[in-house]
Amino acid sequence: MNAAWILAHREVMRFIRQPTRLFGSLAQPLMFWFFMGSGFAGSFSDGLSEQDYAEFFYPGIVLMLLLFAAIFSTITLIEDRNAGFLQGVLVAPVSRLSVALGKLAGGTLIALFQSGIFLFLAPLAGIDIDLTMILLLIGICALIGMGFTGMGFIVAWKLDSTAGYHAVMSVVMLPMWLLSGALFPVEGAASWLEWVMFFNPVTYAMVILRQAFYLTPSQLLADAEFVRALIVSAGWTVLMVAGSAWMVARSRGA
């Protein structure tokens, strides 16, 4: 675990020392939310409440920030391989599991840091949050972040080009986010699109994140939709972490 902590700390410090990376990762979702939230403010209606589009879109933007921060933090895996650092770690007398956990924990912490900053903008979206809600959201964001950091790790482990990684993740992650219910409600979508969204793991992450902004912990545990989405999200996280550890364990080098 000491080796895992060292690797996680290294990832976080690398991120902190690159202020332009932090600015870019926060500026993009902020502009998305501002322009789309303002543009659709007068036309959006869920048919059940007075919720405007800026409020509806806000959890989706938090998810966007969380996913993209978690995914692209794993691009350092390719950089470490090209610089020779990863090869040195793999031949060191440490557990291969600690190598995977260190990279995943570092990426998750980076994602939590960025999404945590954005959570303070919730009142601007018309969402009131308290300490209990913040703690709950941090836990949910950690679960989501770890799962999709694992996904990024698995993809990055098989690639040796940062350009190729960006291309693959842009083709995969952007559609997954667009078809998660972040931009529009799942209900009312075309039937074939509902099936696509049903098999999309980001859809379930969107459900647990969105409902955590409005329901108390007791209400969430009594909500069947939330519990089902939580089980799917937790299963996805376990699968991605196990897949990451397995890929490191079976490798003879990098």
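The values are calculated or read from the model by the stated rules, or taken from the named source; none is laboratory data. Owing to the predicted nature of the structure, the values given are computational and were not obtained by experimental measurement. No Cβ is skipped: glycine too gets one built from the backbone with ideal geometry, and neighbour counts run over all protein chains shown.
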Pairs returned, first residue in region 177-197 that is touching a residue at least 40 places away in the same chain (Cβ under 8 Å), second residue that is surrounded by fewer than 16 Cβ atoms within 10 Å (Cβ to Cβ), beta-carbon separation under 7 angstrom, 6 or more apart or interchain, are P185/D46
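Identify the residue in region 1-36 that is small (G, A, S) and farther than 15 Å from L65 by Cα and, among all such residues, is nearest to the chain's Cα centre (by Cα). Before you say what the answer is, go through the steps one by one.
In the first step, residues of region 1-36 are kept if they are small (G, A, S); the result is 3-4, 8, 24-25, 27.
Next cut, farther than 15 Å from L65 by Cα only: 3-4, 8.
Values: A3: 24, A4: 20, A8: 17 Å.
Filtering first and then ranking leaves A8.
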Out of (1) surrounded by fewer than 21 Cβ atoms within 10 Å (Cβ to Cβ); (2) closer than 22 Å to G152 by Cα; (3) at pLDDT below 80, the one G47 does not meet is (2)
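Out of region 93-106, which residues are β-branched (V, I, T) and either farther than 28 Å from I144 by Cα or surrounded by fewer than 21 Cβ atoms within 10 Å (Cβ to Cβ) (or both)?
The one that is β-branched (V, I, T) and either farther than 28 Å from I144 by Cα or surrounded by fewer than 21 Cβ atoms within 10 Å (Cβ to Cβ) (or both): V94.
If you take the residues in region 201-240 that are assigned to a loop (DSSP other than H, G, I, E, B) and not β-branched (V, I, T), which one is nearest to M146 (Cα to Cα)? Give the steps one after another, and end with the answer.
Kept after step one, since they are assigned to a loop (DSSP other than H, G, I, E, B), are these residues of region 201-240: 213-216, 222-223.
Now narrow it down to the ones that are not β-branched (V, I, T): 213-215, 222-223.
Details: F213: 20, Y214: 23, L215: 23, A222: 25, D223: 24 Å.
Ranking the qualifying residues of region 201-240, first place goes to F213.
In the set A54, A92, A69, A41, which member is at pLDDT below 85, touching a Ser or Thr at 6+ places or on another chain (Cβ under 6 Å) and not polar (S, T, N, Q)? Full working, then the answer.
Values: A54 fails: touching a Ser or Thr at 6+ places or on another chain (Cβ under 6 Å); A92 fails: touching a Ser or Thr at 6+ places or on another chain (Cβ under 6 Å); A41 fails: touching a Ser or Thr at 6+ places or on another chain (Cβ under 6 Å).
A69 is the lone residue from the list that is at pLDDT below 85, touching a Ser or Thr at 6+ places or on another chain (Cβ under 6 Å) and not polar (S, T, N, Q).
Considering only residues that are assigned to a helix (DSSP H, G or I), over 25 Å from the mean Cα position of the chain (by Cα) and not aliphatic (A, V, I, L, M), look in region 71-92 and name the one that is surrounded by the fewest Cβ atoms within 10 Å (Cβ to Cβ).
Taking region 71-92 and keeping what is assigned to a helix (DSSP H, G or I), we get 71-73, 76-83, 85-91.
Going one step further and asking which of them are over 25 Å from the mean Cα position of the chain (by Cα), we end up with 82-83, 85, 87-91.
Imposing the further condition that a residue be not aliphatic (A, V, I, L, M) reduces the set to 82, 85, 87-88.
Working: N82: 13, F85: 15, Q87: 13, G88: 11.
This residue is G88.
Given the criterion surrounded by fewer than 19 Cβ atoms within 10 Å (Cβ to Cβ) and out of contact with any Gly (no Cβ under 7 Å at 6 or more places or on another chain), identify the matching residue among A156, A163.
Testing whether each residue is surrounded by fewer than 19 Cβ atoms within 10 Å (Cβ to Cβ) and out of contact with any Gly (no Cβ under 7 Å at 6 or more places or on another chain) leaves just A163.
On the basis of being closer than 30 Å to G102 by Cβ, out of contact with any Gly (no Cβ under 6 Å at 6 or more places or on another chain) and not hydroxyl-bearing (S, T, Y), does L221 make the cut? Break it down into steps so the answer makes sense when it comes.
Details: closer than 30 Å to G102 by Cβ: no; out of contact with any Gly (no Cβ under 6 Å at 6 or more places or on another chain): yes; not hydroxyl-bearing (S, T, Y): yes.
No: the conditions fail for L221.
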Original post:
Condition test on T132, is it surrounded by fewer than 21 Cβ atoms within 10 Å (Cβ to Cβ) and either in contact with a Lys or Arg (Cβ under 9 Å, 6 or more places away or on another chain) or of a type in the set (S, T, N, Q) (or both)?
Top reply: yes
